[in-house]
Amino acid sequence: MFHRQRGRLGGVEMTNQPGETTTTRPEVVSTQVPEGREAPNDQAALSYIWQPLSIGPMRVKHRIMVPARVLNYSRDGIISERHIATYRELAMGGASLIVTEQHAAHPISKGSFYMPCTAWEKQAIPQFEKFANAVHEYDCRGVVQLFGTGVHDRGTMMIDEWHPLWGVSRIPSIVHNEVPMEMGKEHIKEIVEGFGDSALNVKVSGLDGVEVHGAHGYLIGQFLSPTYNKRTDEYGGSVKNRCRIAVEIGQAIRERVGGDIAVGIRLSFDEFLGPAGITPDQAEEQLEILAGTGLYDYFSISGGSYHTLHIAVAPMSVDDGHMISFAKRAKEIVGERAKIFTVGRIRELRMAEEAISSGAADMVAMGRAHLADPHLVRKTREGREHEIIKCVGVNECIGRLFDQREVICMMNPVTGRERQWGHGTLQPVGERESKSIVVVGGGPAGMKVAEVAARRGHRVVLIERENELGDHLNLIKRLPTRENWEIAVDNLRRAVENAGVEVRLGVTATKDLLQSEAPDAVVVATGSRYDISGLSAYRPDRDGIPGSDQENVLDVKSAIDRALEDPESLGRRVVIVDETAGYLPLGLAEILGRAGADVEIITPQMFVGQETFRHLEMPYLFPRLKELGVRFTPQHFVESIDGDTVHAYGLWGSEQRTIGGVDAVVLSLYQVANDELYHELRGAFPEVHRVGDAVAPRRTAAVIYEGEKLGREI
Ligand SMILES: Cc1cc2nc3c(=O)[nH]c(=O)nc-3n(C[C@H](O)[C@H](O)[C@H](O)COP(=O)(O)O)c2cc1C
């Protein structure tokens with residue numbers, strides 16, 4: 001079930017339970033798969049989702065679609081060739097409808113992310129035409145999402161376009177914290193006209209529709225929400241007044257496009273802020289008002305705002321299909337007046353089928369599932385479900401967005417790189433060029449390179465020392481709430497099996513053993529291990545932490561292994577020293593905290609667990625850790641470990657801390673490449689390659705990418 005912790009974010013009491021503030025809460029559709037393993041879709045059981053549908057003038061061939069996703073691929077403020085290649089791949093992969101990423105519908109709405117797209121400029125039209133042609137070729141429809149940023153923007157994002165932000169009221173964004181100019185009526189009029197003009201650009205390009213982004217707390221959502229809308233004129237106060245701009249935008253769009261293209265609006269059914277944000281009751285009223293105008297052909301029902309993005313783009317801690325109940329309620333209100341789209345961790349077509357067949361929604365949007373596999377529909381229809389790369393819910397995609405970088409998928413290195421690596425680009429090798437390849441190491445990089453090389457026609461043996469494939473992924477998946485990491489292992493393992501790789505488990509690869517195989521090429525993917533010296537970039541004056549060689553000092557992996565066996569084995573008082581900012585030390589703290597240990601996490605970084613912020617896990621994890629009494633000590637580091645005493649110091653000079661009675665100190669600092677075998681083998685075989693952490697320890701996405709690259713080149 002959904003985690004029920006409550007936390008305070010930005011001083012606002014937030015609720016993590018969709019529907020918690022709902023007066024009527026229909027049941028959540030739940031299809032739990034035991035132990036994080038994925039049950040196959042039963043193709044025969046899927047029928048409702050394959051029915052065509054008319055959405056205003058737009059007819060879609062079935063019910064599975066791709067919702068709006070900022071990709072950060074734009075060039076000069078318009079969708080790029082990279083975008084079009086991504087959209088083409090999705091259309092080829094069988095999606096019936098693609099909604100583009102959010103497009104600025106007005107000049108003042110460009111700076112939410114660094115590489116924005118605009119729809120109001122005429123220069124957008126030729127690329128829209130290309131997009132239309134690319135997707136129409138596969139009988140897929142294309143819709144452009146139009147939005148305004150309001151306060152969720154940076155007025156200094158583009159060097160030539162500095163401007164004050166336009167706010168509904170004077171409330172700044174919780175993320176950007178920039179005080180806006182309060183919009184006058186003339187500004188509102190400009191915005192409304194901008195949406196209308198943008199829709200016209202979309203229409204003349206031959207695309208199929210526009211979607212007004214009224215969700216997730218962006219400008220139209222700011223008008224709709226009591227969090228940002230404190231106005232006392234006809235645009236504020238009652239729900240009806242707060243809906244006024246959405247009605248005017250609908251009218252402006254219809255004036256330009258009539259009934260020629262579909263017009264939809266995306267709404268947050270619940271902002272999960274109680275009465276401080278949009279509540280389900282208010283959303284129901286909004287739907288009644290907007291459906292009553294007849295301006296909108298569809299309502300795309302999402303949830304969350306900038307305060308609660310962790311629910312809008314929910315990570316793996318959240319149940320699948322967690323917002324289907326909202327769509328169901330919306331459908332009851334809207335009836336036949338418009339179509340209803342649902343979204344939110346719907347990763348399996350079985351769940352989509354249930355949403356459609358139960359009448360909860362007319363269309364099912366699968367966002368991250370399509371980042372992981374743009375061909376998920378086609379593979380299912382062709383009876384190849386076992387080939388689908390499934391979304392793990394790690395949220396590396398949205399984390400990249402927060403870094404202002406191009407969106408990628410941790411699991412699928414082809415996403416965003418379709419022009420080089422998309423469908424049909426894998427170069428097969430003929431029988432004579434086929435090499436015998438031994439890959440040593442069954443972690444993510446090793447599995448990926450083995451799979452890709454085998455798919456090309458090489459004869460590949462994969463040797464793994466342990467009795468299971470997965471390497472460090474098998475560690476993280478054993479932490480509390482991390483079971484879904486098994487999906488990552490399963491994705492990679494299935495692909496290895498499907499490609500016909502011969503897997504040998506429980507075998508330690510030595511030079512002698514490899515020589516007895518006489519392969520044409522060896523790929524060393526032996527991963528990495530955790531350093532125990534205490535070496536830190538924060539202390540260029542020394543090679544480690546004095547005392548790190550004591551028996552009570554462990555690396556984070558060994559500590560987790562021990563804690564999983566016996567959570568009390570590390571003692572009553574544990575200090576974790578972290579510089580990875582990742583999940584492992586926090587997961588360890590949770591295991592130990594649950595067993596009653598007194599745990600303190602020390603890091604020289606600004607915050608503890610910064611990575612969990614990027615991945616939107618922090619609001620789920622931190623309340624649990626706080627409840628367990630885990631102490632966070634950021635901006636501190638360890639001077640020395642002396643028996644059971646840890647001497648820590650504040651980075652800025654003044655604070656010293658002596659922590660006594662420490663049973664165990666866990667170092668979660670750097671990883672060291674396991675590259676010894678690579679150096680031993682060089683020169684002993686015609687080709688010796690290394691890949692992944694054995695080159696340099698990196699993020700999972702980076703090593704999977706490297707596996708794909710080498711697999712294509714070898
Ligand atoms: C990388 C990324 C970018 C997104 N950009 C947008 C956007 O531009 N507009 C929007 O309405 N929602 C956006 N979303 C939210 C998705 O449309 C979707 O509602 C959310 O990911 C939950 O659906 P899913 O679980 O199927 O991914 C984005 C989500 C992700 C992961």
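Among the chymotrypsin sites (Phe, Trp or Tyr not before Pro) within the range 627-692, which fall in a DSSP loop and have no more than 15 other Cβ atoms within 10 Å of their own Cβ? Before the final figure, lay out each step's value.
Working: sites: PHE632, PHE637, TYR649, TRP652, TYR670, TYR678; in loops: TRP652, TYR670.
Qualifying residues, ordered by number: TRP652.
Helix-only mean residue ellipticity at 222 nm, the chain, DSSP H runs n ≥ 4 weighted -39,500 (n - 2.57), per residue, nearest 500. What is it?
Working: 24 runs with 221 residues, N = 714.
Rounded to the nearest 500, it is -9000 deg cm²/dmol.
Return, for the Cα atoms of the chain, the radius of gyration and Dmax in Å, separated by a comma.
Here Rg and the maximum Cα pair distance are 26.5, 82 Å.
When the C-alpha atoms of the range 553-672 are aligned to their principal axes, what extent does each axis show, in angstrom, from largest down?
33, 33, 31 Å, listed from the longest principal axis down.
Long-range amide H contacts for VAL503: which residues qualify at under 5 Å (H placed 1.01 Å from N, peptide plane, sequence gap of 5 or more or a different chain)?
The list, which skips near neighbours in sequence, is LEU462.
Could you please state, rounded to a whole Å, how far the C-alpha centre of the range 584-627 is from the C-alpha centre of the range 75-112?
36
Which of the aspartates and glutamates could a cross-linker bridge to LYS185, judged by Cα under 19 Å and excluding same-chain residues fewer than eight apart?
Correct list for LYS185: GLU193, ASP197, ASP233, GLU234, GLU248.
How big is the gap, in Å, between the Cα center of the range 529-583 and the Cα center of the range 378-440?
Taking the Cα centre of each part, the range 529-583 and the range 378-440 sit 35 Å apart.
With each label point set 7 Å from Cα along the Cα-Cβ vector, what nm distance links ASP520 and VAL507?
1.9
Could the peptides 473-485, 269-281 be put in order, highest first, of the mean number of other beta-carbon atoms found within 10 Å of their residues?
Numbers: 473-485: 19.0, 269-281: 23.4.
Listed from highest to lowest mean packing, they are 269-281, 473-485.
If you average the C-alpha positions of the range 203-246 and of the range 272-346 separately, how far apart do those two centres end up, in angstrom?
Cα centres, the range 203-246 to the range 272-346: 14 Å.
So what is the relative contact order for the range 43-421, in percent, with contacts set as C-alpha pairs under 8 Å and at least six apart? Mind dumping the intermediate values first?
Working: 878 pairs, mean separation 67.4, N = 379.
In percent, rounded to a whole number, it is 18.
Work out which helices of the chain, taken as complete DSSP H runs, extend at least 24 Å along their axis over the Cα atoms and score a mean Kyte-Doolittle of -1.0 or more, then list them.
Flagged H segments are 185-204.
Under 25 Å between alpha carbons, and skipping anything fewer than 8 positions from LYS477 in its own chain: which lysines qualify?
LYS390, LYS448, LYS557, LYS626
Could you list the trypsin sites (Lys or Arg not before Pro) in the range 604-695 that lie in coil according to DSSP, counting only those with at most 14 other Cβ atoms within 10 Å of their Cβ?
On the way: sites: ARG614, ARG624, LYS626, ARG631, ARG657, ARG682, ARG690; in loops: ARG682.
When the trypsin sites (Lys or Arg not before Pro) of the range 604-695 are filtered for loop state and at most 14 Cβ neighbours within 10 Å, ARG682 remain.
Can you tell me how much longer the chain between ASP403 and GLN420 gets when fully stretched, taken as 0.36 nm per residue apart minus their C-alpha distance, in nm with one decimal? Could the numbers behind the result be given before it?
On the way: separation 17, 0.36 × 17 = 6.12 nm, distance 2.39 nm.
That works out to 3.7 nm of additional length.
Please give the per residue accessible area of the range 553-672, computed with a probe of 1.4 Å over protein heavy atoms only, in Å². Write down the numbers at each step before the final one.
Numbers: 4490 Å² over 120 residues.
Accessible area per residue: 37 Å².
Note down the relative contact order for the range 119-213 as a percent, whole number, built from C-alpha pairs under 8 angstrom at least six residues apart. Could the numbers behind the result be given before it?
Details: 131 pairs, mean separation 39.0, N = 95.
Once normalised by length, the contact order is 41 percent.
What are the GluC sites (Glu not before Pro) within the range 522-576 that DSSP puts in a loop, where the Cβ has at most 14 other Cβ atoms within 10 Å? Before the final figure, lay out the partial values.
Working: sites: GLU551, GLU565, GLU568; in loops: GLU551, GLU568.
Sites meeting the loop and neighbour criteria: GLU551, GLU568.
Which of the pairs LYS122/LYS203; LYS61/LYS339; LYS130/LYS379; LYS130/LYS203; LYS61/LYS328 have their Cα atoms more than 18 Å apart in this structure? Mind showing how you got there, number by number?
On the way: LYS122/LYS203 12 Å; LYS61/LYS339 15 Å; LYS130/LYS379 26 Å; LYS130/LYS203 13 Å; LYS61/LYS328 22 Å.
The pairs that break the limit, which is 18 Å between Cα atoms, are LYS130/LYS379; LYS61/LYS328.
Would you rank ASP362, ASP520, ASP160 by solvent-accessible area, highest first, keeping every protein chain in place and using a 1.4 Å probe? Before the final figure, lay out the partial values.
Working: ASP362 15, ASP520 60, ASP160 140 Å².
Sorted by accessible area, descending: ASP160, ASP520, ASP362.
The values are calculated or read from the model by the stated rules, or taken from the named source; none is laboratory data. Computed from a predicted structure; not experimentally measured. Every residue, glycine among them, receives a Cβ derived from its backbone with ideal geometry; neighbour counts consider all protein chains shown. The protein model used for the area step is the full one, side chains on, heavy atoms only, and it has no ligands, DNA or RNA in it. Shrake-Rupley method; radii C 1.70, N 1.55, O 1.52, S 1.80 Å.
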